[in-house]
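Notes for the one structure printed next.
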Amino acid sequence: MISERIATSIGSLESTTRSRALLAAEDVWFAYYNAETLRGVNLRLAPGEIASLVGPNGSGKTTLLKVLSGILIPQRGRVTLDDTDLRRLSRRAIAQRIAVVPQEMHVPFTFTAEEIVSMGRTPHVRSWWGAGRADREVVQRVMAATHTESLAQRPFNELSGGEQQRVVIAMALAQEPRVLLLDEPTVHLDINHQIEIMELLVRLNRKEGLTVLATMHDLNMAALYFDRLIMLKEGRIVAEGTPEEAIHADNIRLVFNADVQVHVHPTRRRPQILVLPLVS
Ligand code: ADP
């Protein structure tokens, strides 16, 4: 039963993603020293998609994001951006098209929020002093889109977790990327700020056509806001498809070793899981 369902989701994935890929991993294998972490990952992100990478701790989600953004080079297989092997592109060329929002950003000095966002222009300007009016306009535009204008002159390190996350997303958007990769963008945020970030990502996807791939721990948030879920276990994609295709109690048991019930969201018709406690 489990393997049938998984096969079904993978089957539907293959038929839907044969269309043009913006970013693709082709039989990607990656090991840290001898520890095999990604084992033959095939993933195609079509332009304008919004998808989430889910899986247990240590399943390889962060590693896959790093491989997809060219930070790590796979030992086998390849990653392509618009059909060009990432290895043939300079860091600057990649950064003009792919932006990454890491799990945590440590800023050692007291930069203001606006200065942090301006750093996102680096791949487009010849030198730090070369930033011109067009660059400043981009910074203003992305700060408006992320509702961070009121934070512009505040020191980044003094902002709340939710505010910092919006500023870091604004910095990534200042790169004017076509693909935004985010590593657990809501992980340290309270529910209100989680919703704010998720709604922002969906808005950027729908209004600006930005292609979005985010790793997520919260399966309910992922199922509610993303159109496609990709489940990773031990460095392999074991299930994927629409939230309805991917979120099944038996998939969750197989991938996360957890017993849950799956219900349908009352207004959005998306699957939502309920935890079944073992203690009474
Ligand atoms: P996830 O994001 O799903 O939690 P990661 O990609 O962070 O998974 O990690 C996958 C595996 O790779 C884990 O076993 C982790 O310990 C290992 N790993 C991650 N980063 C490194 C590193 N820099 N050096 C060695 N091993 C690493």
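The values are calculated or read from the model by the stated rules, or taken from the named source; none is laboratory data. Remember, predicted model here, so these are calculated numbers, not experimental data. Glycine gets a Cβ as well: all are built from the backbone with ideal geometry, and neighbour counts include every protein chain shown. Just the protein is used for accessible areas: all its heavy atoms, side chains included, with ligands, DNA and RNA removed. Shrake-Rupley method; radii C 1.70, N 1.55, O 1.52, S 1.80 Å.
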Mind checking the dipole of the range 111-154: about its Cα centre, +1 per Lys or Arg Cβ, -1 per Asp or Glu Cβ, Debye to the nearest 20? 120
So if I place +1 on the C-beta of Lys and Arg and -1 on the C-beta of Asp and Glu, and nothing else carries charge, what would the dipole magnitude of the chain be about its Cα centre? I want it in debye, nearest 20. 780
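Run through the range 193-274 and list the GluC sites (Glu not before Pro) located in a DSSP loop whose Cβ has at most 10 other Cβ atoms within 10 Å.
Counting only loop positions with at most 10 other Cβ atoms within 10 Å, none of the GluC sites (Glu not before Pro) in the range 193-274 qualifies.
With a probe of 1.4 Å, find how much accessible area the chain has per residue, and write the answer as a whole number in Å².
Per residue, the chain has 50 Å² of solvent-accessible surface.
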Go ahead and set up a Gaussian network model of the chain, Cα springs under 10 Å, then flag whichever of Ala93, Ala222, Ala25 fluctuates most. Ala93
Interchain or long-range residues, amide H under 5 Å from Val101's placed H: Leu181, Leu182, Asp183
Of all the accessible heavy-atom surface of the range 108-176, with the other protein chains kept in place and a 1.4 Å probe, what percent is carbon and sulfur? 53
